[in-house]
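Here the structure is laid out as structure tokens; the discussion comes afterwards.
Since every read-out is calculated from the coordinates, none of them should be taken as a lab result. Note that this is a predicted model, so its numbers are computed, not measured. Quick reminder, even Gly has a Cβ in these numbers, built from the backbone with ideal geometry, and neighbours come from all protein chains shown.
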């Protein structure tokens with residue numbers, strides 16, 4: 001389907017009620033796929049997400065000699081021999097940030113040349129700090145632009161014992177290095193530098209998954225980890241539902257005074273974005289300031305919800321949103337000001353949303369540019385639940401993580417017009 005497609009949401013006249021079970025976590029699925037691909041033996045991943053991002057990861061691993069079968073819509077059966085092979089062609093990973101960062105580091109464990117590339121959006125997303133970190137280990141890695149494509153000429157292993165990286169950068173860099181480290185020749189210490197430490201919760205997801213596949217990784221301080229050179233062993237692994245996807249339904253529930261069953265208790269989520277649940281529960285009296293540093297993918301949800309809050313909301317700690325699938329701070333401010341000119345503004349890397357509960361029920365036609373970003377599309381759908389005239393451009397971009405999103409909303413009672 002082309003990017004010229006659009007979807008206009010009809011405001012709901014009744015509370016949204018029903019069941020909407022989020023797909024498996026993208027973050028955990030792509031970690032588990034890589035670790036299973038690096039492991040010796042056959043691993044069974046259940047509850048997994050099947051979407052654009054995880055398809056790119058699976059296809060890349062297949063190109064590197066890993067056997068991956070898909071017996072049903074939520075399972076992968078992954079068989080590896082403990083080593084990835086050099087692919088015959090460059091790995092094309094679309095705009096999948098996790099797959100791109102994780103495989104760039106994992107390529108250091110390949111005996112041969114790996115080129116990691118993506119689409120036009122991925123080619124604008126920074127990866128230089130990760131390449132620089134690999135080079136400090138003596139790994140031949142290069143990028144002409146500081147963004148993909150990246151070329152890694154691996155030797156099958158590495159023997160460095162210490163990695164330092166700026167902790168204020170993307171946690172995906174740190175996770176990539178941690179997962180790679182278990183394939184080295186010696187124990188490796190990874191230390192985050194700087195005062196601003198990013199989304200530590202995602203690093204915890206990584207180390208938990210590593211342990212499940214036989215790695216020995218110890219957190220020796222708030223900013224330091226020690227990884228033993230164990231490699232990985234096959235495991236059966238259950239992937240929990242996606243907390244980032246859950247935020248849209250938590251917000252839809254409070255916005256419409258509805259009751260939506262996600263099929264899993266809120267307390268069962270271990271992902272960082274689950275922290276958004278307690279914030280959303282305070283609507284329409286959200287805090288005057290929300291620190292999004294530890295729940296970055298939930299910020300678009302919270303920002304659109306904040307438009308209907310009783311009082312303005314400032315979002316801080318969100319600078320990394322500028323280097324996601326798009327510049328999400330700019331995309332959010334652009335979309336909100338499309339709805340009403342004074343609804344949002346940027347101050348440095350902060351986003352201020354000038355809340356107005358009277359927005360609900362108004363006719364405010366706005367065509368929302370999603371910038372091919374799934375989270376912008378899904379979050380602005382929330383505005384359409386209460387405001388007449390909200391049209392989402394390129395709605396199919398939700399296929400990146402929640403392919404069934406529009407059907408899930410429809411099952412709860414949402415209707416659409418001008419679908420094209």
Give the relative contact order (percent, whole number) for the stretch 26-238; include only Cα pairs under 8 Å separated by 6+ residues. 21 percent
At the level of C-alpha centres, the distance separating the stretch 137-172 and the stretch 284-356, in angstrom, is 32 Å
If you take every DSSP beta bridge whose two residues both sit in the chain, what share of them, in percent to the nearest 5, is antiparallel? 65 percent
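With each run of n ≥ 4 DSSP H residues scored as -39500 (n - 2.57), what mean residue ellipticity at 222 nm is computed for the chain after dividing by its residue count and rounding to the nearest 500 deg cm²/dmol?
-9000 deg cm²/dmol
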Given a Förster radius of 35 Å and the C-beta distance between residue 340 and residue 261 as r, what FRET efficiency does 1/(1 + (r/R0)^6) yield to the nearest 0.05? 0.60
Could you tell me whether the stretch 26-238 comes out rounded, prolate or oblate from its Cα gyration tensor? Rule is a ≥ b ≥ c as square roots of the eigenvalues, rounded for a/c under 1.5, then prolate if a/b exceeds b/c, otherwise oblate. rounded
Radius ratio Rg over Rh of the stretch 197-336, counting only Cα atoms, Kirkwood formula for Rh: 1.03
If one takes the longest principal axis of the Cα atoms in the chain, at what angle in degrees, from 0 to 90 and to the nearest 10, does the Cα axis of helix 97-106 lie? 10 degrees
Max mean-square fluctuation residue, GNM over the chain, Cα-Cα springs under 10 Å, options 328, 44, 340: 340
Note down the relative contact order for the stretch 163-267 as a percent, whole number, built from C-alpha pairs under 8 angstrom at least six residues apart. 25 percent
C-alpha long axis of helix 52-63 to longest principal axis of the chain, angle in °: 20 degrees
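Per residue and in cubic angstrom, what volume does the convex hull of the Cα atoms of the stretch 1-148 have?
151 Å³
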Output the relative contact order of the chain, whole-number percent, from Cα pairs under 8 angstrom with separation of 6+ residues. 21 percent
Exposure-ranked with fewest Cβ neighbours within 10 Å first, 277, 405 stand as 277, 405
7 Å from Cα along Cα→Cβ at both residue 121 and residue 359: what's the point-to-point distance in nm? 2.2 nm
Test of understanding: what is the full-extension gain from residue 410 to residue 350, defined as 0.36 nm times their sequence separation minus their Cα-Cα distance? 18.2 nm
If the chain between residue 311 and residue 236 were fully extended at 0.36 nm per residue, the gain over the current Cα-Cα distance would be 22.3 nm
Helix 26-38: angle to the longest alpha-carbon principal axis of the chain, degrees 0 to 90, nearest 10? 10 degrees
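At a Förster radius of 45 Å, what calculated FRET efficiency corresponds to the Cβ-Cβ distance of residue 161 and residue 288, to the nearest 0.05? Intermediate values should be presented prior to the final figure.
Numbers: r = 46 Å, r/R0 = 1.03.
Here the calculated transfer efficiency is 0.45.
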For residue 69 paired with residue 208, estimate the spin-label separation in nm (one decimal), with each label point 7 Å from Cα along the Cα-to-Cβ line. 2.9 nm
On each of the three principal axes the extent of the alpha-carbon atoms of the stretch 141-243, given in whole Å and largest first, is 39, 33, 28
Rg [Å, one decimal], Dmax [Å, integer] - the stretch 276-378, C-alpha atoms: 12.5, 35
So if we plug the beta-carbon distance of residue 278 and residue 135 into 1/(1 + (r/R0)^6) with R0 = 45 Å, what FRET efficiency do we get, rounded to 0.05? 0.65
What are the extents of the Cα atoms of the chain along their three principal axes, in Å, largest first? 62, 45, 38
